[in-house]
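Peer 1: What follows is a single structure, and I will ask about it in a moment.
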Amino acid sequence: MKRSKKIRAFLFDMDGLLLDTENIHIRAYMELTRQLNVPQTFESLKRFIGHSHKVTVKYLIDELRCTPSFDELILREQELYFQILESERPAPLSGVREMFDAGDTLQLKRALVSSSVAHQVSPTMQIVVEHLSRSGPWRDQFHAVSTGDRVQRLKPAPDPYLLAMKELELDPDECVAFEDSPAGVEAACAAGCRVVAIPNIYLQRDDVVQGRTPHVFTTLQEAHANLKSFC
């Protein structure tokens with residue numbers, strides 16, 4: 001039987017795993033659709049959690065018949081998102097600090113793997129790093145950063161993870177990916193990583209996990225308490 005290699009890196013999704021940005025994005029889309037006179041509820045929009053903005057905006061145009069251009073809709077949502085983000089500056093989700101510290105203690109590399117584009121990731125992650133009391137630019141906390149504008153295909157395709165592992169110079173079985181959404185879990189599994197699922201609080205556990213991984217926890221805090229089960 002082939003033995004798995006030693007784990008050498010933690011790969012983290014961002015939205016909904018490190019910070020509850022999903023809530024902010026949904027509220028931004030709620031306000032946007034209200035302004036466009038096609039108001040949507042939180043429930044109707046949460047199905048887009050874990051997907052790129054292209055998927056959500058395509059829905060606005062194709063299904064809701066919104067008339068602004070694709071690029072304008074994305075821009076308007078981003079403006080609303082950043083207004084809420086900067087106003088509230090939310091704290092990281094439970095266990096983020098512990099998992100980062102554990103990675104440092106174990107001398108593991110760290111990567112960020114997000115479908116969000118770089119200009120959105122940067123201010124979001126700077127808030128996370130500041131809450132963790134880690135000095136300097138947020139980018140210094142990662143050995144690789146894979147964002148949606150750097151790959152041809154977004155999650156659930158494996159491309160974002162394949163790019164991160166290429167830059168880390170590691171094989172899939174040397175990496176643990178932490179994901180909170182169905183698309184993220186599918187992407188990480190397709191890339192060959194060992195996957196730890198932390199189901200998004202707005203989604204059903206079974207929908208997120210899809211039977212793809214035995215490593216399932218309610219929070220990163222719980223995952224930290226069970227490190228030996230997947231490292």
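Peer 1: Any residue in segment 168-186 that is in contact (Cβ under 8 Å) with a residue 60 or more places away in the chain sitting within a Cβ distance under 6 Å of a residue that is among the polar types (S, T, N, Q)? List the pairs, counting only those 6 or more apart or interchain.
Peer 2: From residues that are in contact (Cβ under 8 Å) with a residue 60 or more places away in the chain, the pairs are Asp173/Ser4; Asp180/Asn200; Ser181/Asn200.
Peer 1: While we're here: Which ones in segment 148-172 are over 16 Å from the mean Cα position of the chain (by Cα), farther than 17 Å from Val185 by Cβ and assigned to a helix (DSSP H, G or I)?
Peer 2: Lys166, Glu167, Leu168 - these are the residues of segment 148-172 that are over 16 Å from the mean Cα position of the chain (by Cα), farther than 17 Å from Val185 by Cβ and assigned to a helix (DSSP H, G or I).
Peer 1: Pick out the one residue from Tyr59, Tyr29 that is crowded, with 22+ Cβ neighbours inside 10 Å and outside the structural domain of Asp159 (by TED's automatic domain parsing).
Peer 2: The conditions single out Tyr29.
Peer 1: While we're looking at this one, here's another question. What do you reckon, is Phe142 over 16 Å from His25 (Cβ atoms), at pLDDT 95 or above, within 15 Å of the chain's Cα centre (by Cα) and hydrophobic (A, V, I, L, M, F, W, C)?
Peer 2: Here the answer is yes, as Phe142 does meet what is asked.
Peer 1: Would you please name the residue that is surrounded by the fewest Cβ atoms within 10 Å (Cβ to Cβ), looking only at residues in segment 108-136 that are part of a loop (DSSP other than H, G, I, E, B) and either of a type in the set (Asp, Glu) or within 15 Å of the chain's Cα centre (by Cα) (or both)?
Peer 2: Val117
Peer 1: Quick one: in segment 4-59, of everything that is modelled with pLDDT under 90 and among the hydrophobic types (A, V, I, L, M, F, W, C), which residue is nearest to Pro123 (Cα to Cα)?
Peer 2: Ile49
Peer 1: All but one of (1) part of a loop (DSSP other than H, G, I, E, B); (2) in the same structural domain as Thr219 (by TED's automatic domain parsing) hold for Asp101; which doesn't?
Peer 2: (1)
The values are calculated or read from the model by the stated rules, or taken from the named source; none is laboratory data. Note that the structure is a prediction, hence the values are computed from the model and not measured. No Cβ is skipped: glycine too gets one built from the backbone with ideal geometry, and neighbour counts run over all protein chains shown.
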